[in-house]
Structure formats: C-alpha cells, structure tokens
C-alpha cells in the first residue's frame, strides 16, 4: 500500500469512527471564528466558549472590537490566559480588518496572515470552516497524529502542512484537519493514547512499534 493509498484509507476510517467530529469553537460568522481561534491559543475551546457569548454580544462586529478599550477588553479575556497580548492582538487585528477589508474577514491566506495575531494555523481554520476553502490546520493534535501515522517526520507546522497535504487532494484537506484534530484530541492522546478504541492500528507504524 502506497502512502497515498494508506492516507486515503486512514481518512475513510476516521470518517467512520468520528461522524460527530467538528470544530468546537462556537461561532456564528467568520469574524467570531477568527476571534475565538485567536483566543484559543494556550487555552481550551471549552474555556473560550464560556467567554465568547458575552464578548460577541458586547462587541458585535470588527468596528466595535477595533474601538474597544484595551484594559476593559483584557478583563473580558482574562480567563483565557495571556489576556494582555490577546487583547492587543484582537484590537489590532480588527483595526486592520476595518481599515483594509471593509470590516469583513478576508479569505486570502496572505491577507489573513498579515492580520496581527493570525498565523497559518488560525488562517487555515478560518479558510476551511468559515469559507469552505482548502486548508490543513496543524495544531498539536494534528501534528502528533501525522507523526505517529508516519506521514511526516517534520516538527515545523508549515512543513507538516505541506507534507500531509501532499498525500490528500485539496478537496478533503478540511476533513483531514477536522478529523486529525478530533482523533488526536480524544483518541490518539499524547500521554495515554486509547489504542484499543482506534480503528487505525494496522495502518499505524507507531502502534506497531509499541507492540513489538
């Protein structure tokens, strides 16, 4: 079985195993997803989801966030961790969205990554989930699963994105991201992987190494 064939089989099985897999950040539009993803750095989706309902009610659009008082926004974001830097990035990001994109989140990768506080991981989340565009989100879960499956030996997220992406057609990159993150978060955990619950054992070099 070639790497591409194995990758296709992995995707098929993950779809069967995790039909409920989704992005767990609550949002109603691209801006909300963008801000929630920025806030999720060094935090959990659950914690962010506790903060964003009131946050988005208080600041309903990019202009409102761009005009926020930084000290007040810091308090709004305190429980997500690194709240000072996050507040600074959110304000600067929304200022750029208002000034350069008419208040709407851009779709283009270069435009997204030019926004303060937005890297490729965040940009790929927004592109894939909000706009239905090809993108592979390499977070810690996707990275771990990709390495254990032998799809990459890289540690750099951009190199992982390209190597994993080369195994799948762009039309399924969003599914790959969603399923790899979900499987890594709930099954292929870092310290206590639930291998007995995984349907990828015969396709996983890392599992074979543990058994041998």
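The values are calculated or read from the model by the stated rules, or taken from the named source; none is laboratory data. Model, not experiment: these values are computed from the prediction. In this analysis, Cβ positions are derived from the backbone assuming ideal geometry, glycine residues included, and neighbour counts consider all displayed protein chains.
Does the stretch 13-21 contain any residue that is modelled with pLDDT under 95, in contact with a helix residue (DSSP H, G or I) (Cβ under 8 Å, 6 or more places away or on another chain), over 19 Å from residue 115 (Cα atoms) and outside any helix (DSSP H, G or I)?
Among the residues of the stretch 13-21, not one is modelled with pLDDT under 95, in contact with a helix residue (DSSP H, G or I) (Cβ under 8 Å, 6 or more places away or on another chain), over 19 Å from residue 115 (Cα atoms) and outside any helix (DSSP H, G or I), which makes the answer no.
When only residues in the stretch 37-54 that are part of a loop (DSSP other than H, G, I, E, B) and on the phi < 0 side of the Ramachandran plot count, which is surrounded by the most Cβ atoms within 10 Å (Cβ to Cβ)?
Looking at residues that are part of a loop (DSSP other than H, G, I, E, B) and on the phi < 0 side of the Ramachandran plot, I get 40.
Residue 129 fails exactly one of the following numbered conditions: (1) over 19 Å from residue 183 (Cα atoms); (2) touching a residue at least 60 places away in the same chain (Cβ under 8 Å); (3) surrounded by fewer than 24 Cβ atoms within 10 Å (Cβ to Cβ). What is the number of that condition?
Condition (1) is where residue 129 drops out.
Does the stretch 81-104 contain any residue that is closer than 27 Å to residue 141 by Cα, outside any helix (DSSP H, G or I) and either out of contact with any strand residue (DSSP E or B) (no Cβ under 6 Å at 6 or more places or on another chain) or outside the structural domain of residue 178 (by TED's automatic domain parsing) (or both)?
yes
Can you report the number of residues in the stretch 159-189 which are assigned to a loop (DSSP other than H, G, I, E, B), within 15 Å of residue 7 (Cα to Cα), touching a helix residue (DSSP H, G or I) at 6+ places or on another chain (Cβ under 9 Å) and free of Cβ contacts under 8 Å to residues at least 60 places away in the same chain?
1
Report every pair of residues separated by at least 6 positions or lying on different chains whose Cβ atoms are under 7 Å apart, first residue within the stretch 51-80 and not assigned by TED's automatic domain parsing to the domain that holds residue 98, second surrounded by fewer than 17 Cβ atoms within 10 Å (Cβ to Cβ) and in a helix (DSSP H, G or I).
Every condition considered, no pair remains.
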